[in-house]
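A.B. asks: This is the structure I have questions about; it appears just below.
The values are calculated or read from the model by the stated rules, or taken from the named source; none is laboratory data. Predicted model only: the values in this text are computed from it and were never measured. A quick note on method: Cβ atoms are made from the backbone with ideal geometry, for glycine too, and the neighbour counts reach across all protein chains shown. Surface areas here come from the heavy atoms of the whole protein model, side chains and all, with no ligands, DNA or RNA. Shrake-Rupley method; radii C 1.70, N 1.55, O 1.52, S 1.80 Å.
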Amino acid sequence: MPTHKLLLLAGDGIGPEVMAEVKRLVAWMNAHGMGTFEYDEGLVGGSAYDAHGKAIDEATMAKAQACDAVIFGAVGGPKWDKVPYDVRPEAGLLRLRKDLGLFANIRPAICYPALADASSLKRDVVDGLDIVIIRELTGGVYFGEPKTITDLGNGQKRAVDTQVYDTYEIERISRVAFELARKRNNKVTSMEKRNVMKTGVLWNEVVQQVHAREFKDVTLEHQLADAGGMQLVRWPKQFDVIVTDNLFGDMLSDVAAMLTGSLGMLPSASLGEMDAKTRTRKAMYEPVHGSAPDIAGNGVANPIAMIASFAMALRYSFDRGKEADLIEKAIAAALDKGLRTADIKSEGCKLVGTREMGDAVIAEMERLTA
Ligand code: NAD
C-alpha cells in the first residue's frame, strides 16, 4: 500500500484547533489499516509572519511542492491587519495556489437532512441538497493586468482591473467539471455573462466545444451568472455541477455555502493540472471558513468542514472514495444523534465542542466499520 504524504498547514485562529481533529482522524485511519498516512507540518499566514516575517517561507513552499496533498486550516486575524500588503496572512494562501498551479476550486454544497433547519431557506428547498461548484481559481479579474489605481490629477482617481481568459484555461476547468459530473448526476451548468462580457462569449464558446468534442454524454446547460445566482436560492436542487470563472465563482460559491446553514460545515479542494506521466496532481484541501478570531482559543469551533476537507483529499488525491464515504457517513450519523457545535445548534440538540465533535465522528467510524 503506498504511503500518502500530507503537509498540514494549520494557520491561525481556529485553524490549529480544527486541524487537531484531522490529526486524530489520520492516526485512527493508520491504526485501522485504512491507508498509511505520514504528515509533516509548517507555518502559514500570521503565525508564519510572526516567526519569519513572511506569510509562508521557502522551506514550507518546498514541502508543499514535494507532498501528495496540502491540508490547510485558515489564516488571518485582527492581529495582522496592519502588516504590509505583500506579507499579509492571505499572501501565504495565494502563493500556495499560484505556485502549485491550483486552477480548479471544487466546493461541494451538501445539506445534511439533520441540518436543513439551519438554512435560511425552507427545508424542502435544501433538504438533501448535493451540488458542486467548480470555480476557476488562477485567472480572470483577480490576476489580469493591468491592475492599477491612477491619480488623474484633478482630484479623481481611476481604478482598473482586467478580466482575461485564454482558451486553455477554460478548456481545463471545463474538463474538471465534465469529469466530475460523470461520477455524479451527469449534468454541468456553465455560468458566465456572455451577454455583456467578451470573456463570457469565449467562456461559453469553449465550454461548448469541449462538450461537443469530449463529453457528449454529459448534459450541458448555460445560465447567465446573475440568473444562476437567483436560481441557486430559488431551487438549488436543479443543479449537479456548476462551472464558472474566478469572480462569479467567488460569489456563487458563497451563496451556495449559506444554503447549507453554516460555514463550519463546508469543505473545499483546489486541484492543479494532471501530470500525464504520474497521473497525479498537486492539490490543497481546506475548509471554506476563515480563522474565526471571534471564537478562536475557546474549543468551540466546528471541525466538520476541516474533517470533510480531509475526506475530499482521500477522494481526489488518493482515490480512496470508500474511506471518504465512510467519513461523510460518520459526520451525518453524528449529526443525526443530535450533536451540534454552537454554529449549528438547534432546539433539543446537545451542544458539543471541537474535540467532542471530532470524538463523535471517530466513534461513528468505529461503529460503521465494526
Ligand atoms: P470567518 O469564516 O473566519 O468567520 C465568519 C463567522 O463564522 C464568524 O462568526 C465565525 O465565528 C464563524 N465560523 C467560521 N468558521 C467556523 C467554524 N468552523 N465553527 C464555528 N463557527 C465558525 O470569516 P471572517 O470573520 O470574515 O474572517 C476572519 C479572518 O479569517 C479574517 O482575517 C479573514 O481575512 C480570514 N479568512 C481566511 C480565509 C482562509 O484562510 N481561507 C477565508 C476567509 C476569511
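A.B. asks: Which count do you get for residues in the stretch 273-292 that are touching a helix residue (DSSP H, G or I) at 6+ places or on another chain (Cβ under 8 Å) and either more than 22 Å from residue 255 (Cα to Cα) or more than 10 Å from the ligand (Cβ to nearest atom) (or both)?
C.D. replies: Residues meeting the conditions: 5.
A.B. asks: Output the residues belonging to the stretch 163-213 that are assigned to a helix (DSSP H, G or I), aromatic (Phe, Trp, Tyr) and either in the same structural domain as residue 321 (by TED's automatic domain parsing) or surrounded by 18 or more Cβ atoms within 10 Å (Cβ to Cβ) (or both). Break it down into steps so the answer makes sense when it comes.
C.D. replies: Within the stretch 163-213, the first condition is being assigned to a helix (DSSP H, G or I), and the residues that meet it are 167-182, 198-213.
Now narrow it down to the ones that are aromatic (Phe, Trp, Tyr): 168, 178, 203.
Passing the criteria: 178, 203.
A.B. asks: Oh, and also: Among the candidates 230, 251, single out the residue that is within 16 Å of the ligand (Cβ to nearest atom), within 30 Å of residue 343 (Cβ to Cβ) and out of contact with any Leu (no Cβ under 7 Å at 6 or more places or on another chain). Don't jump to the end; show me each part of the working.
C.D. replies: Numbers: 230 fails: within 16 Å of the ligand (Cβ to nearest atom).
Criteria check complete, one pass: 251.
A.B. asks: Filter the stretch 320-346 down to the residues that are under 24 Å from residue 105 (Cα atoms), free of Cβ contacts under 8 Å to residues at least 12 places away in the same chain and over 18 Å from the mean Cα position of the chain (by Cα) and list them by number.
C.D. replies: Scanning the stretch 320-346 gives a single hit, 322.
A.B. asks: Could you tell me which residue of the stretch 201-254 is farthest from residue 169 (Cα to Cα), considering only residues that are among the acidic types (Asp, Glu) and touching a residue at least 40 places away in the same chain (Cβ under 8 Å)?
C.D. replies: Taking the stretch 201-254 and keeping what is among the acidic types (Asp, Glu), we get 205, 214, 217, 221, 226, 240, 245, 250, 254.
Next cut, touching a residue at least 40 places away in the same chain (Cβ under 8 Å) only: 240, 245, 250.
On the way: 240: 22, 245: 10, 250: 17 Å.
Selected residue: 240.
A.B. asks: Across the stretch 293-311, what is the number of residues that are touching a residue at least 60 places away in the same chain (Cβ under 8 Å), open to solvent by 30 Å² or more (accessible area, probe 1.4 Å) and within 6 Å of the ligand (Cβ to nearest atom)?
C.D. replies: Residues flagged as touching a residue at least 60 places away in the same chain (Cβ under 8 Å), open to solvent by 30 Å² or more (accessible area, probe 1.4 Å) and within 6 Å of the ligand (Cβ to nearest atom) within the stretch 293-311 amount to 2.
A.B. asks: Continuing with the same structure: Scan 326, 351, 263, 259 and give me the residue that is in contact with a Pro (Cβ under 9 Å, 6 or more places away or on another chain) and open to solvent by 10 Å² or more (accessible area, probe 1.4 Å). Let's see the steps before the verdict.
C.D. replies: Working: 326 fails: in contact with a Pro (Cβ under 9 Å, 6 or more places away or on another chain); 351 fails: in contact with a Pro (Cβ under 9 Å, 6 or more places away or on another chain); 259 fails: open to solvent by 10 Å² or more (accessible area, probe 1.4 Å).
From the options 326, 351, 263, 259, the qualifying one is 263.
A.B. asks: Here's something else I'd like to know. For the stretch 25-48, give me each residue that is hydrophobic (A, V, I, L, M, F, W, C), open to solvent by 60 Å² or more (accessible area, probe 1.4 Å) and not in a helix (DSSP H, G or I).
C.D. replies: 43
A.B. asks: Taking residue 116 as the residue in question, decide whether it is more than 20 Å from residue 19 (Cβ to Cβ), more than 13 Å from the ligand (Cβ to nearest atom), at pLDDT below 95 and not in a helix (DSSP H, G or I).
C.D. replies: No: the conditions fail for residue 116.
A.B. asks: From the list 101, 139, 92, 76, pick out the single residue that is more than 16 Å from the ligand (Cβ to nearest atom), surrounded by 19 or more Cβ atoms within 10 Å (Cβ to Cβ) and touching a residue at least 12 places away in the same chain (Cβ under 8 Å). Full working, then the answer.
C.D. replies: Values: 101 fails: surrounded by 19 or more Cβ atoms within 10 Å (Cβ to Cβ); 92 fails: more than 16 Å from the ligand (Cβ to nearest atom); 76 fails: more than 16 Å from the ligand (Cβ to nearest atom).
None of the other options fit; the residue is 139.
A.B. asks: Specify which of the listed residues (87, 22, 18) is more than 22 Å from the chain's Cα centre (by Cα), open to solvent by less than 60 Å² (accessible area, probe 1.4 Å) and within 16 Å of the ligand (Cβ to nearest atom). I'd like the intermediate steps shown before the answer.
C.D. replies: On the way: 22 fails: more than 22 Å from the chain's Cα centre (by Cα); 18 fails: more than 22 Å from the chain's Cα centre (by Cα).
Only one candidate passes the filter, namely 87.
A.B. asks: Got at least one residue in the stretch 256-263 being within 16 Å of the ligand (Cβ to nearest atom), of a type in the set (S, T, N, Q) and under 20 Å from residue 140 (Cα atoms)?
C.D. replies: Keep residues of the stretch 256-263 that are within 16 Å of the ligand (Cβ to nearest atom), which gives 256-263.
Checking which are of a type in the set (S, T, N, Q) leaves us with 260, 262.
Now restrict to residues that are under 20 Å from residue 140 (Cα atoms): none.
No.
A.B. asks: Right, something else. Being assigned to a loop (DSSP other than H, G, I, E, B) and more than 15 Å from the chain's Cα centre (by Cα): is that true of residue 141 here? Before the answer, list the steps.
C.D. replies: Details: assigned to a loop (DSSP other than H, G, I, E, B): no; more than 15 Å from the chain's Cα centre (by Cα): yes.
So residue 141 fails the test.
A.B. asks: Exactly one condition in (1) assigned to a loop (DSSP other than H, G, I, E, B); (2) within 16 Å of the ligand (Cβ to nearest atom) is false for residue 331; which is it?
C.D. replies: Unmet condition: (1).
A.B. asks: Moving on. Can you confirm whether residue 276 is modelled with pLDDT of 95 or more and not hydroxyl-bearing (Ser, Thr, Tyr)? Steps first, answer last, please.
C.D. replies: On the way: modelled with pLDDT of 95 or more: no; not hydroxyl-bearing (Ser, Thr, Tyr): yes.
Considered against the rule, which asks whether it is modelled with pLDDT of 95 or more and not hydroxyl-bearing (Ser, Thr, Tyr), residue 276 comes out as no.
A.B. asks: Moving on to the next point. Tell me, please, whether a residue that is in contact with a helix residue (DSSP H, G or I) (Cβ under 6 Å, 6 or more places away or on another chain) and over 30 Å from residue 325 (Cβ atoms) can be found in the stretch 172-191.
C.D. replies: no
A.B. asks: Can I ask one more? Could you say which residue among 273, 286 is closer than 30 Å to residue 66 by Cβ, open to solvent by less than 30 Å² (accessible area, probe 1.4 Å) and not aromatic (Phe, Trp, Tyr)?
C.D. replies: It is 286.
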